[in-house]
Amino acid sequence: MLIHGRNAVLEAARAGRVVRVLQASGLGHDPRLEELGKLATVEVVAPAQLDALAPGVNQGVAAELKPRREWSLKELLATGPTLLVALDSIMDPQNLGAILRSAEVAGADGAIVPEHRSAPLSPSAVKASSGASELMPIALVSGMPSAVAEVKRAGVWCAALDVRGDTWPWDFDLTQPVCIVVGGEGTGVHRLVLERCDVRLRLPMRGKVASLNASAAAAALLYEVTRQRAQGSSLH
C-alpha cells in the first residue's frame, strides 16, 4: 500500500513499516523530512510523478509500506489491554482515521474493526490518522456482536457511545479496563451490539444540533477516560 502525508509517512517510518519513501523535488526545509531521510530510503521524484502516484493533498511525500501485521482479537486481548476502541460500521475513512488518531493519543492499546461494513484502512484513512493506524494493533473481526462478547469474557468492560444512553461518562468508572464502542455516522451503534455492551454512555448536548460527528464524539469520550485515569493516578 502507498500512503501519503508527512506525519503519516513519518509515523510509519518510526514504526519500521516503510519500504521506501517517494519525495517530490524542490521541497523546503522540514525537520520531518530530515528524520525521514535517516529512517528510510528516500527516492526524489518530480512533483507531477508523485501527484500521479498519490492523488490528493500528499504534502510532497508518499511511502510504500510493508504488509500490515494481521492481529486476531484473541491475540489483541492476550496483550492485557486496558483501553480499546471498537468501530461499529464507521464508513467514512476520514472518521475512521480521526478516531484511530484520538485513540492512539489517548493511550489506547488497540482497535477492533469489522471486516465488512467499515471503511478500509486506505491511504486517506491512514493520512487522517496522522500515522496512528501504523502504531496501534488493529484486529479485524467478522462480526461486532460476537467480538463484544469475547472482549467482555476477557474482563474488559464494553461501553457504547449512544445518543440515547442512560449514563453520563463521568458517572461510570473508566479507570477499569474498557472498550469504547463507537457507532457509524447516522446509524450509531447497532442494536445487537448495544444489547451486548455493559453500559450506554451519552454525551451532553446543549446546542440545537442533535449529535456530534462520530470522531468528535469518540475524542470527547476518550478524553474523559484520560481525565479519570489521570485523576486516579494523582490520588495515589
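The values are calculated or read from the model by the stated rules, or taken from the named source; none is laboratory data. Just so it is clear, the model here is predicted, and its values are computed rather than measured. Remember, those area values only see protein heavy atoms, side chains included, never the ligands or the DNA or RNA. Shrake-Rupley method; radii C 1.70, N 1.55, O 1.52, S 1.80 Å.
Looking at region 7-152, the accessible area is 44 square angstrom per residue; that uses a 1.4 Å probe and ignores ligands, DNA and RNA. Centroid-to-centroid, using Cα positions, region 3-43 and region 111-133 are 20 Å apart.
Mean separation of Cα pairs under 8 Å and 6 or more residues apart, divided by the residue count, gives region 98-159 a relative contact order of 39 percent. Largest first, the residues His190, His116, His4 sort by 1.4 Å accessible area into His116, His190, His4. Among Ala40, Ala132, Ala62, which one shows the biggest mean-square fluctuation in a GNM of the chain, springs joining Cα atoms closer than 10 Å? Of Ala40, Ala132, Ala62, the Gaussian network model singles out Ala40 as fluctuating most. Backbone geometry of region 116-130 corresponds, through the Karplus equation with coefficients 6.51, -1.76 and 1.60 at θ = phi - 60°, to 3J(HN,Hα) couplings of 10, 6, 7, 5, x, 7, 7, x, 5, 5, 4, 5, 5, 7, 6 Hz, x marking Gly and Pro. For the chain, the longest principal axis of the C-alpha atoms and the axis of helix 214-234 are separated by about 70°. Distant-in-sequence amide contacts of Ile90, defined by a placed amide H-H separation under 5 Å and a gap of 5 or more residues or a different chain, comprise Ala119. With N the number of residues in region 9-81, Rg(Cα) / (2.2 N^0.38 Å) evaluates to 1.36. Note: relative contact order over the chain, using C-alpha pairs below 8 Å and six or more positions apart, is 21 percent. Result for the chain in a Gaussian network model with C-alpha springs under 10 Å: among Gly26, Gly183, Gly131, the largest mean-square fluctuation is at Gly26. Only protein heavy atoms count here; on that basis, with a 1.4 Å probe, Asp173 has an accessible area of about 70 Å². For Thr79, the solvent-accessible surface computed with a 1.4 Å probe is close to 80 Å², ligands and nucleic acids excluded. Note on Val44: accessible area approximately 90 square angstrom, rounded to 10, probe 1.4 Å, nucleic acids and ligands left out. Comparing mean-square fluctuations of Leu87, Leu100, Leu192 from a GNM of the chain with C-alpha springs under 10 Å, the top value falls on Leu192.
The 1.4 Å probe gives accessible areas that order Trp157, Trp168, largest first, as Trp157, Trp168.
Sequentially through region 155-172, phi angles give Karplus couplings (6.51, -1.76, 1.60; θ = phi - 60°) of x, 10, 5, 10, 10, 8, 8, 9, 5, 9, x, 10, 9, 6, x, 6, 9, 10 Hz, Gly and Pro residues having no value and appearing as x. Counting only protein heavy atoms and a probe of 1.4 Å, the accessible surface of region 1-153 is 52% carbon and sulfur.
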